[in-house]
Amino acid sequence: MTNQEENQRSRQDFNTFADEYAQFRKIDPPVLEDLLVRGNINAESVVLEVGCGTGNYLTEISARTHAACYGLDPAEKMLSQARANLRANGIQWLMGYARHLDFPDEMFDLVYTVDVSHHIQHRLTYFQEAMRVLKPGGKVCTVTDSEWIISHREPLATYFPETIAVNLARYPTTHELLEETAAAGFVNIVEKMAEYPYMLYDPAGYRNKAYSSLHLIDEAAWRRGLARLEADLQNGPLLCHSYYLMIWGEKAA
Ligand SMILES: C[S@@+](CC[C@H](N)C(=O)[O-])C[C@H]1O[C@@H](n2cnc3c(N)ncnc32)[C@H](O)[C@@H]1O
């Protein structure tokens with residue numbers, strides 16, 4: 001795939017999803033907590049989110065810590081949604097791709113992605129760029145789905161089981177991500193799983209396909225899953241579990 005093809009693909013897809021993402025995607029509290037604590041973010045920190053989308057995580061990090069925050073995304077409509085959020089005042093929202101981080105060397109304390117690694121065509125280049133723009137001692141974090149998570153996430157995997165094969169095919173494996181993080185020169189690499197039990201009251205995010213794999217299964221499978229989810233929610237809220245794999249690496253001091 002050429003750079004131009006990659007640009008066109010990402011822009012088309014994610015500009016189309018921007019309204020649904022702004023309305024339905026929420027931060028995962030344990031992921032946010034780990035970014036803040038393990039990332040050691042405070043008012044002196046400089047933070048970059050690559051593939052920031054509508055800016056859920058970065059807005060919260062900025063509000064909680066007053067760190068200097070930069071959000072990068074190739075989809076202009078995602079960035080417009082982020083800019084429209086008054087809580088996000090002061091954050092720099094910039095258009096760009098993971099493979100070229102247009103920032104000076106050693107600028108950031110934390111560079112992270114959430115739900116983006118499977119969209120990056122040149123992942124090793126991204127990790128090398130992250131290494132370049134991090135200060136010595138700075139950290140990189142990749143928040144994504146492992147193979148186990150893809151098969152167990154509720155209600156996505158349980159109500160829309162067709163997403164499992166789709167996601168296993170498009171996500172990098174945990175092993176690949178660990179290898180690429182190490183190949184870029186990061187040290188002290190650790191992986192952890194963030195788990196978040198929550199009650200689901202409303203199927204609107206699934207009805208509006210606010211999760212990209214719902215666009216990749218056939219229409220009949222999506223309708224079947226949605227009908228089952230809506231029927232079960234008639235009997236009351238559902239206890240669900242969100243899981244994320246977090247892979248941390250550090251630039252040697
Ligand atoms: C699933 S969304 C995640 C958004 C945000 N991180 C969140 O968790 O809400 C994926 C985002 O990655 C962006 N993206 C796609 N390809 C990219 C690339 N090559 N480099 C950087 N971002 C990319 C999309 O535009 C989209 O906003």
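All of the numbers you see were taken from the coordinates with simple rules; none came from a lab. Everything numeric in this text was worked out from a predicted model, so none of it was measured. Reconstructed Cβ throughout: ideal geometry from the backbone, glycine too, with neighbour counts over all protein chains shown.
Tabulated values for the structure
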| read-out | value |
| --- | --- |
| Binned Cα-Cα distances of the stretch 127-168, short to long, each 10 Å bin given as a whole percent | 26, 30, 18, 23, 2 |
| Label point at TYR198 placed 7 Å out along Cα→Cβ; residues across the stretch 218-252 whose backbone nitrogen lies under 12 Å | 240-244 |
| Derived scalar couplings ³J(HN,Hα) [the stretch 233-249; Karplus, 6.51 cos²θ - 1.76 cosθ + 1.60; whole Hz; x for Gly, Pro] | 6, 4, 8, x, x, 9, 7, 10, 10, 9, 10, 9, 8, 10, 10, 9, x |
| Scattering curve values for the stretch 21-140, log₁₀ I(q)/I(0), Debye with Cα scatterers, q = 0.19, 0.21 Å⁻¹ | -1.01, -1.25 |
| Dmax and Rg, reported as Rg then Dmax, of the chain (C-alpha, Å) | 17.8, 55 |
| The chain - share of DSSP beta bridges that are antiparallel (%, nearest 5) | 50 |
| Tensor-based shape of the stretch 180-220 (alpha-carbon gyration tensor, a/c under 1.5 rounded, otherwise prolate or oblate) | oblate |
| Cleavage-rule hits (GluC sites (Glu not before Pro)) in the stretch 6-97: DSSP loop, at most 15 neighbouring Cβ within 10 angstrom | GLU44 |
| For the stretch 57-109, size of Cβ-based charge dipole, Lys and Arg +1, Asp and Glu -1, in debye | 320 |
| Reachable aspartates and glutamates, given that their alpha-carbon falls under 19 Å from the alpha-carbon of LYS77 and they are not under 8 places away in the same chain | GLU5, GLU6, ASP13, ASP19, GLU20, GLU49, ASP115 |
| Space enclosed by the convex hull of the alpha-carbon atoms of the stretch 113-182, per residue, Å³ | 86 |
| Protection proxy ranking, peptides 131-142, 229-240, average beta carbon neighbours within 10 Å, highest first | 131-142, 229-240 |
| Within the stretch 198-253, chymotrypsin sites (Phe, Trp or Tyr not before Pro) in DSSP loop having at most 11 other beta-carbon neighbours inside 10 Å | TYR201 |
| Area projected by the alpha carbon convex hull of the stretch 175-245, averaged over all directions, nm² | 6.5 |
| Cα-centred dipole magnitude for the stretch 43-191, charges only on beta-carbon of K, R (+1) and D, E (-1), debye, nearest 20 | 340 |
| Compactness of the stretch 154-205 as Cα Rg over 2.2 N^0.38 Å, two decimals | 1.58 |
| Around ILE247: net Lys/Arg minus Asp/Glu count, Cβ-Cβ under 15 Å | -4 |
| The stretch 124-253: projected area of the alpha-carbon convex hull, averaged over directions, in nm² | 8.6 |
| The stretch 150-235, dipole about Cα centre (Lys/Arg Cβ +1, Asp/Glu Cβ -1), debye to the nearest 20 | 240 |
